[in-house]
Amino acid sequence: MMKYTNHNGLTLPLWESFTTEGFLDELKEFHQKGLALADEVAALPAPTFADVVNRFEELDVIRNLHVRTLSHMKSVSLDAYPGIDKIESDCYAQESAYESNIDFHKGLYQAHLYVRAHEYERLDAEQRYIIDERIKQFEQNGVSLPEQKQARLRELYEEIARDQSLFETNVVGATDGWSLSVHDRERLNGVPGDVIRAAAQLAKEKDVEGFLISQKTNVVLTVLDYAEDRSLREELWRAFSTRASELGPAGAEFDNTPVMERLLRNRNESAVLLGFSSHAEHSLQPKMSGSVGVEGVTNFLATLAGASLPKSYSDRTILQDFAAQELGITDIQPWDIGYVSRVYKDRFLAIDDEEIRDYLPAGKVIDGLLGLIQRFYGCTLRESKVSVWHPSVRFFELCDESGEVFGGFYIDLLARPGKRGGAWMNDLGWRLDHDGIKQLPVAFLCCNFRTPSGGGEPYLTHDDVVTTFHETGHVFHHLLARAHYFDSAMMYVEWDAIELPSQLMEHWAWSKDMLRDMSAHKDTGAQLPRELIDKMIAAKHYLAGLVYGRQFGLALFDWNLHKKEPVAIDGIMSCFRDAMSHTSASPVHEGARGPHNFTHAFGGGYDAGYFSYSWANSLVADVAAAFDDAGKDGEVAVALRYRDEILAPGASRPIAESFRAFRGRNPDPKYLIPYIGLN
């Protein structure tokens, strides 16, 4: 069993004790205790709030730690634990089965109804909201269904959980399992030196001649932006864009086609069993956008498509003309877009992403980011030595004005084999503080910075900086919450508003003062020149039509796919091409298989909800306007009010109520289009 330690009030794993041996048996014991408790509470003649909430939280604290440690180690050390992907898949199947048993427990449901009928008026606002939400969840999950339908729903939930995990595992396997072999150094002309050195190092490790270009996202995008050899770009793009499909280099080994088809069928069947017309309608129930319904979300996406499509065509025309006249590319293809746009940007906007990278050492960026957090939110961050899963991982304690620790988080910044791609935040424990139950929140901040081949400190692109700020927004939404219960944690904020704190943090990744403070040239130590920062900000919305056209297209695809009857792979691809044609001027290449590696839609969490990024961005634009209106002198006061009214409540009240408390009114969508540069 995993061992833990109490570190200044924080419950932290001793990562060296992690093992997958016996994991599922231990999880089964937690589930048996939970079900026994449900039966016990259901049998009480007069259950109380403490019975239906507090007693379960005592179990959930331990169970959550157990599950989160496994999930985290699978994400950061997949290659170190053979079979961990299968164990995680079985874990989520067991979790789904357990949660279904709780969701369908009529006695426990009746106990909640009893509390609302007999104790409601004596509860505080947070407790009443928890009871209301739990009863709504019981009813939406089918507690009143006949037993036969309940049994089928349980089966579906287990299959969905298993397939969502399998989808992500296939993407990781397809990504890590292939690399592009290059023997001729001239084919790498234009590619940044550190990428070439990393490719040489990878080839050496694999005992092959020449260079090996991995499929890590940041490596692929860099090569596609800089490689002068068009055939190299095409070969890499085709492999990357067909990952986890029947056209990918691995063929059927990691093909997600059957996984996607099963997920669509099972999601739709579960929604219909619950009385909804589609999975899309079902998905709206716990969301802020549920107030506008399927039609309202469809109209919202249509508005975004209408704003992005004309700008996308304008952007593409500019690139096509430039490619033909200046680069001799008359038939611009997907593998040309990054390269042509980068050359155009260098030529006319005089911005070289690799030049900017030379000014942004990871250490100063992180220091600047954490300094901003401390200034805005009135807290202190203190690095502390604790057990970690890799030598490069750091840990910070979060302290209040009196010096008392009230949270902590790990930072894992570097890319390495066996680590999931991209960047993400996850939680290890929530803040709990009631009736003798006390736990402090802990979080993970994980990135995949490009590691220098010769060692030393990594330097970041500005996109890396923006991504890091984004995920840190999630981290501190979790850590700064002042709710008292598991059900009030940040992770239970309405899904289409949960991106508000993360996307708002990106606002300061573009601050002139921030960019200066966290920069130091790798050779001279000089800060980013003001004229270069001005160019970066001027180019912030460069190709906004193409960028947002793609994002809105993915959102429309995810939404439309889950809004209708489930379809097989031909229908999935048809839906994908159709959605993209409504938002973007870039046609979907016949060889592309974007849905097969679209983890947000098929890996769980954002299914029928990828539009949430844009919904949240409309809130961000409104909140950012409050900071802008306050100016430099007033931004800390606004930040503290934002902390108290939006971050601190977590999910202890509807996010719409928190927004009104902060802004003094309902959200106004008029800010979004100009905020993202599509006006």
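Per-structure values
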read-out: Checklist (1) at pLDDT below 95; (2) surrounded by 20 or more Cβ atoms within 10 Å (Cβ to Cβ); (3) in contact with a Ser or Thr (Cβ under 7 Å, 6 or more places away or on another chain) applied to GLU397, failing item; value: (1)
read-out: Options GLY290, GLY338, GLY248: the member that is in contact with a Leu (Cβ under 7 Å, 6 or more places away or on another chain), modelled with pLDDT under 95 and either assigned to a helix (DSSP H, G or I) or farther than 27 Å from ASP496 by Cβ (or both); value: GLY290
read-out: Residue pairs meeting the criteria (Cβ under 7 Å; at least 6 apart or on separate chains; first over 21 Å from PHE376 (Cβ atoms) and assigned by TED's automatic domain parsing to the domain that holds ILE498, in region 638-664; second among the aliphatic types (A, V, I, L, M) and part of a helix (DSSP H, G or I)); value: ALA651/MET490; ARG653/ALA125; ALA656/MET288
read-out: Region 258-287: number of residues that are assigned to a helix (DSSP H, G or I) and closer than 25 Å to ASN666 by Cα; value: 4
read-out: Test: VAL61 is outside the structural domain of ALA443 (by TED's automatic domain parsing), surrounded by 19 or more Cβ atoms within 10 Å (Cβ to Cβ) and part of a helix (DSSP H, G or I); value: no
read-out: Criterion: in contact with a helix residue (DSSP H, G or I) (Cβ under 7 Å, 6 or more places away or on another chain), closer than 25 Å to ALA621 by Cα, buried (at least 24 other Cβ atoms within 10 Å of the Cβ) and modelled with pLDDT under 95 - qualifying residue of VAL465, VAL493; value: VAL493
read-out: Test: residue in region 627-634 that is crowded, with 20+ Cβ neighbours inside 10 Å, at pLDDT 95 or above and either hydrophobic (A, V, I, L, M, F, W, C) or assigned to a helix (DSSP H, G or I) (or both); value: no
read-out: Residue within region 397-404 that is over 27 Å from GLY634 (Cα atoms), among the hydrophobic types (A, V, I, L, M, F, W, C) and out of contact with any helix residue (DSSP H, G or I) (no Cβ under 8 Å at 6 or more places or on another chain) present; value: no
read-out: For ASP124: the one exception among (1) surrounded by fewer than 18 Cβ atoms within 10 Å (Cβ to Cβ); (2) touching a Ser or Thr at 6+ places or on another chain (Cβ under 7 Å); value: (2)
read-out: Where a residue in region 563-590 is in contact (Cβ under 8 Å) with a residue 60 or more places away in the chain and its partner, wherever it lies, is part of a loop (DSSP other than H, G, I, E, B) and not acidic (Asp, Glu), with Cβ under 8 Å and at least six apart; value: LYS563/SER278; LYS563/ALA608; LYS564/SER278; HIS589/GLN333
read-out: Residue among GLU401, GLU383 that alone is touching a Gly at 6+ places or on another chain (Cβ under 8 Å) and without any contact (Cβ under 8 Å) to a residue 60 or more places away in the chain; value: GLU401
read-out: Residue satisfying condition, being under 17 Å from ALA415 (Cβ atoms) and either in contact (Cβ under 8 Å) with a residue 24 or more places away in the chain or surrounded by 22 or more Cβ atoms within 10 Å (Cβ to Cβ) (or both), within set LEU247, LEU232, LEU212; value: LEU212
read-out: Residue, surrounded by the most Cβ atoms within 10 Å (Cβ to Cβ), within region 320-357, restricted to residues that are within 13 Å of ASP225 (Cα to Cα) and free of Cβ contacts under 8 Å to residues at least 40 places away in the same chain; value: VAL340
read-out: Among residues of region 129-150, those that are crowded, with 18+ Cβ neighbours inside 10 Å and assigned to a helix (DSSP H, G or I), counted; value: 6
read-out: Any chance ALA117 is among the small types (Gly, Ala, Ser), part of a helix (DSSP H, G or I) and touching a residue at least 12 places away in the same chain (Cβ under 8 Å); value: no
read-out: Residue match in region 310-321 (condition: assigned to a helix (DSSP H, G or I), in the same structural domain as ASP496 (by TED's automatic domain parsing) and of a type in the set (Phe, Trp, Tyr)); value: no
read-out: Options GLU168, GLU209; residue that is outside the structural domain of LYS74 (by TED's automatic domain parsing) and in contact with a Gly (Cβ under 7 Å, 6 or more places away or on another chain); value: GLU168
read-out: Residues within region 432-443 that are out of contact with any Lys or Arg (no Cβ under 7 Å at 6 or more places or on another chain), crowded, with 21+ Cβ neighbours inside 10 Å and either at pLDDT below 95 or not small (Gly, Ala, Ser) (or both), tallied; value: 1
read-out: Any pair with Cβ under 6 angstrom, 6 or more apart, that starts in region 519-545 at a residue that is outside the structural domain of SER341 (by TED's automatic domain parsing) and ends at one that is among the charged types (D, E, K, R) and assigned to a loop (DSSP other than H, G, I, E, B); value: HIS521/ASP358; LYS522/ASP358
read-out: Helices (runs of 4 or more DSSP H) contained entirely in region 525-602, each with at least 3 residues that are at pLDDT 95 or above and closer than 19 Å to ILE676 by Cβ; value: 544-563, 569-583
read-out: Number of the condition not met by SER502 [criteria: (1) under 30 Å from ALA651 (Cα atoms); (2) touching a Leu at 6+ places or on another chain (Cβ under 8 Å); (3) small (Gly, Ala, Ser); (4) outside the structural domain of LEU264 (by TED's automatic domain parsing)]; value: (2)
read-out: Every residue from region 558-572 that is surrounded by 19 or more Cβ atoms within 10 Å (Cβ to Cβ) and either within 25 Å of ASP463 (Cα to Cα) or among the small types (Gly, Ala, Ser) (or both); value: ASP558
read-out: Residue in region 102-114 that is part of a loop (DSSP other than H, G, I, E, B) and not assigned by TED's automatic domain parsing to the domain that holds VAL272 present; value: yes
read-out: Some residue of region 228-238 being under 30 Å from ALA608 (Cβ atoms) and either over 24 Å from the mean Cα position of the chain (by Cα) or not in a strand (DSSP E or B) (or both); value: yes
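Here's the yes/no breakdown for (1) aliphatic (A, V, I, L, M); (2) over 23 Å from TRP430 (Cα atoms); (3) in contact (Cβ under 8 Å) with a residue 24 or more places away in the chain:
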position	(1), (2), (3)
GLY22	no, yes, no
LYS28	no, no, yes
ALA36	yes, yes, no
VAL41	yes, yes, yes
PRO45	no, yes, no
GLU57	no, no, yes
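Each row is one residue, and each column tells you yes or no for (1) part of a helix (DSSP H, G or I); (2) closer than 23 Å to ALA489 by Cβ; (3) in contact with a Pro (Cβ under 7 Å, 6 or more places away or on another chain).
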site	(1), (2), (3)
THR5	no, yes, no
THR20	no, no, no
PHE30	yes, yes, no
PRO45	no, no, no
GLU57	yes, yes, no
VAL67	yes, yes, no
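The values are calculated or read from the model by the stated rules, or taken from the named source; none is laboratory data. Since this is a predicted model, take the numbers as computed values, not measurements. Because the Cβ atoms are built from the backbone with ideal geometry, glycine has one as well, and the counts that use them run over all protein chains shown.
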